[in-house]
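Trainee: I have a structure I would like to understand better, so I am pasting it below and will then ask my questions one at a time.
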Amino acid sequence: MIEVTKMNGQKILINPHLIELVEDTPDTVLTLTTGRKIIVKESRQEIKNLVKLYRQEFYAD
């Protein structure tokens, strides 16, 4: 799971395997495979880095 911050400041955990699309519009919008969209404070690059770190840790075990 990766931790992201919603626009209201609430921190949530998201399964990165469910992220289908990350858009800058100018807010960062995550579209999940379920069709749900979540607007977060982190940039597209930050999301990319979080997913990359998650995968490194996930596959290292």
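Trainee: Grab the DSSP H runs of the chain that are 4 residues or longer, score each as -39,500 (n - 2.57), total them, divide by all residues and round the 222 nm result to the nearest 500 deg cm²/dmol.
Mentor: -9500 deg cm²/dmol, from helical runs alone.
Trainee: Among the trypsin sites (Lys or Arg not before Pro) in the chain, which ones are in a DSSP loop with at most 15 other Cβ atoms within 10 Å of the Cβ? Mind listing them?
Mentor: Values: sites: Lys6, Lys11, Arg36, Lys37, Lys41, Arg44, Lys48, Lys52, Arg55; in loops: Arg36, Lys41.
Hits after loop and neighbour filter: Arg36, Lys41.
Trainee: Which far-off residues, 5 or more places away or on another chain, put their amide H under 5 Å from the one on Thr28, with H placed in the peptide plane?
Mentor: Val40
Trainee: Can you work out ³J(HN,Hα) from phi for every residue in the range 4-19, in order, using Karplus 6.51 cos²θ - 1.76 cosθ + 1.60 and θ = phi - 60°, giving whole Hz and x for Gly and Pro?
Mentor: With coefficients 6.51, -1.76 and 1.60, one gets 10, 10, 6, 4, 7, x, 6, 8, 9, 9, 10, 6, x, 6, 8, 6 Hz.
Trainee: Just want the answer: with Cβ charges of +1 for Lys and Arg and -1 for Asp and Glu, which residue in Leu32, Ser43, Gln56 is farthest toward the dipole's positive end in the chain?
Mentor: Selected residue: Leu32.
Read the figures in this text as sums done on the coordinates, not as results from a lab. Here the structure is a predicted model, which is why all the values come from computation and not from measurement. Every residue, glycine among them, receives a Cβ derived from its backbone with ideal geometry; neighbour counts consider all protein chains shown.
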